[in-house]
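First up is the structure itself, then whatever we jot down about it.
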Amino acid sequence: MSKKLLDHIVNPKDLRKLDVAQLPQLAKELREFIIDIVSVKEGHLGASLGVVELTIALHYVFDTPNDLLVWDVGHQAYGHKILTERRKKFDTNRQLGGISGFPRRSESVYDTFGVGHSSTSISAALGMAIASQLKGENKHHIAVIGDASIASGMAFEGLNHAGVTDADLLVILNDNAIGIDPSVGALKNYLTAVKEGSNPKDNNMIKSLNFDYSGPIDGHDIEGLIKELERLKKVKGPKFLHIITTKGKGLQQAEENQVKYHAPGKFDAATGELIKSSTENLPPKFQDVFGLTLVELAKNNPKIIGITPAMPSGSSMKFMMDAFPKRAFDVGIAEQHAVTLSAGMVTQGMVVFCNIYSTFLQRAYDQVIHDVALQNLPVIFCLDRAGLVGEDGATHHGVFDIAYLRCIPNMIIYAPKDEMELQNILYTASLGLKHPIAIRYPRGRGKNADWKFPSDFQKIEIGKAQKLKKGKKVAILSTGTIADNVTQALNDIEDTEQHFAHYHFGFIKPLDEKKLHKICDKFSTIITVEDGVTTGGFGSSVLEFCAKNDYVNEIFLCGVPDYFIEHGTIDELQQFCNIDVDGLRSLFSGLLDEEEEEED
């Protein structure tokens, strides 16, 4: 029989059978289990290591799943998953067909709210608490939120409302001074003052919002945590517990390099050392092409500004922040603020590159419409992680941006097919545009290992499509880097008669209508290929054009289907959507066979 405590815990009922004195040993085993799996399978490491004691204490004190526990973002929920009936399948985490890297309601009754984006936990838990009141249910409701996430506007909105209710809500601030990158802003400075004891007790902003505030306390003192949680269970109304933790706790390298070990990739579980894959002769990452280009452009234009909401490393805005610290801003997890801040700067003649992950721009949709496009302010939106992003899954895929931006008047949308085009559209935008532009590019590396930076900049003509391959019968229209899959698929087909033509529509809006007229007149069959949703996407714009101009071409739309795509590798997910090389080759070959049969 195993001597490990963790081996005998299937769910929190088993956990509650242990003595408090045994829980530090369980915490040690839980950390080791997370490290062993993540070192091989990859994932979000540091956040989960930092809340091991808190996770155990919460499930030990509260009657989960009857008591409702909401994790903000979910990066820190690995320990939670392991203790709630998913230990034996935790090695499938973030893999195709496996468990999600984030809490999700469809996966477990212990996952009370689906998360992935930040700052939603307080509002969700408050909603649950008010609903419980209305139903006459006696439940506890707990929201666990980090110091980076609580600085977001939505978190303040939740706190503001909660403070005027008598809801049974406990907000736990997991304060480790870091999100993915170090936390920023005045609130971070306030929390630092609280931790250091330099902030007067009567000057507590949480108390001023009518919360019963306690802390800060050591988030790694499991007995102290349990004692305080037991006390708070008896306190009525909204409560706030401030705990201090260390992100990456228990793995020296993760504690010392918290940014790198947020999601470190593969590493040696025993030593913590990263297992480095060779980057020699590899193409550059698209994010680095953005970052390096921005620095180069900023050298010659003092009006260029860089803005990112809490993603300086992930977006490579860090290059600009290092080179021009007074002209590059990390505004924290505040996408709405980032967009309107950019708009304000543009009104004063600045050239603003607002870099936001595609999935996170969704959080600032009204600001894009109301504050930017309605006023026709030429903000340059750089949408990193556009398209399918892989293992983070449905909450993080950047597949909706074409559809939700295409309907906005004044908006230009561009998707470069490679590194050179990304560099050149950034250069073109820096020269001055009459409209806002969204430049979308994917996670990961390009395809040109020979490309070196800086290269000669070339201005791109707005609204112009390119012919990449001549053909006679079928026109393939692609946008963005998915053009490479199309090219590879066509290269694998023995097309002796050159049936297939291939066009790259970098500009999704405005469309090159002159080119489209020629294509529709010449080709009876048209295929559109994109790495976004087909509902309202690039292919839809081609259909709209054809309908408006009374064309009756046969049109096939290839892209992301009309449902949420799960997690897996990008190759696996492209295969699922039939936009991988094999899927496109099969489609093209099938059409070629049909053509030959008709000719026979």
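The values are calculated or read from the model by the stated rules, or taken from the named source; none is laboratory data. All values reported here derive from a predicted model rather than from experimental measurement. Here Cβ is always computed from backbone atoms with ideal geometry, including for glycine, and neighbour counts include all displayed protein chains. All accessible areas refer to the heavy atoms of the entire protein, side chains included, with ligands and DNA or RNA removed. Shrake-Rupley method; radii C 1.70, N 1.55, O 1.52, S 1.80 Å.
The rows are residues; the columns are (1) part of a helix (DSSP H, G or I); (2) farther than 23 Å from residue 422 by Cα; (3) modelled with pLDDT of 95 or more.
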position	(1), (2), (3)
298	yes, no, yes
306	no, no, yes
345	yes, yes, yes
352	no, no, yes
Of the conditions (1) more than 23 Å from residue 372 (Cβ to Cβ); (2) touching a helix residue (DSSP H, G or I) at 6+ places or on another chain (Cβ under 9 Å); (3) open to solvent by 10 Å² or more (accessible area, probe 1.4 Å), the single one that residue 419 does not satisfy is (3)
Expected output for the range 200-217 (first residue charged (D, E, K, R), partner at pLDDT 90 or above, Cβ below 8 Å, 6+ apart or cross-chain) is 207/213; 212/232; 212/235; 212/237; 212/238; 212/239; 212/240
Within the range 83-108, of all residues that are aliphatic (A, V, I, L, M) and surrounded by fewer than 24 Cβ atoms within 10 Å (Cβ to Cβ), the one nearest to residue 147 (Cα to Cα) is 99
Checking 314, 272, 306, 265 in turn, the sole residue that is more than 30 Å from residue 130 (Cα to Cα), open to solvent by less than 50 Å² (accessible area, probe 1.4 Å) and touching a Phe, Trp or Tyr at 6+ places or on another chain (Cβ under 6 Å) turns out to be 306
Those residues of the range 573-592 which are charged (D, E, K, R) and either open to solvent by less than 80 Å² (accessible area, probe 1.4 Å) or under 23 Å from the mean Cα position of the chain (by Cα) (or both) amount to 580, 585
Check your understanding: Do the conditions hold for residue 394, that is, is it under 22 Å from the mean Cα position of the chain (by Cα) and open to solvent by 20 Å² or more (accessible area, probe 1.4 Å)?
Key -> yes
Quick count over the range 196-220, residues being over 32 Å from the mean Cα position of the chain (by Cα) and open to solvent by 50 Å² or more (accessible area, probe 1.4 Å), is 11
Residue 35 passes all but one of the listed conditions (1) open to solvent by 10 Å² or more (accessible area, probe 1.4 Å); (2) touching a helix residue (DSSP H, G or I) at 6+ places or on another chain (Cβ under 6 Å); the exception is number (2)
Of those in the range 510-538 that are touching a residue at least 60 places away in the same chain (Cβ under 8 Å) and open to solvent by less than 20 Å² (accessible area, probe 1.4 Å), the residue farthest from residue 388 (Cα to Cα) is 525
When residue 493 is run through (1) touching a Phe, Trp or Tyr at 6+ places or on another chain (Cβ under 6 Å); (2) farther than 23 Å from residue 383 by Cβ; (3) modelled with pLDDT of 95 or more, the failure sits at (3)
(1) farther than 26 Å from residue 570 by Cβ; (2) open to solvent by 40 Å² or more (accessible area, probe 1.4 Å); (3) touching a residue at least 40 places away in the same chain (Cβ under 8 Å) all hold for residue 331 apart from (2)
Being assigned to a helix (DSSP H, G or I) and either touching a helix residue (DSSP H, G or I) at 6+ places or on another chain (Cβ under 9 Å) or surrounded by 18 or more Cβ atoms within 10 Å (Cβ to Cβ) (or both) narrows 173, 225 down to just 225
Scanning the range 276-287 residue by residue, those in contact with a helix residue (DSSP H, G or I) (Cβ under 8 Å, 6 or more places away or on another chain) and either open to solvent by 20 Å² or more (accessible area, probe 1.4 Å) or at pLDDT below 95 (or both) turn out to be 283, 284, 287
| said: Being open to solvent by 40 Å² or more (accessible area, probe 1.4 Å), modelled with pLDDT of 95 or more and on the phi < 0 side of the Ramachandran plot: is that true of residue 340 here? | reply: yes
The lone condition residue 96 fails out of (1) in a helix (DSSP H, G or I); (2) touching a residue at least 60 places away in the same chain (Cβ under 8 Å) is (1)
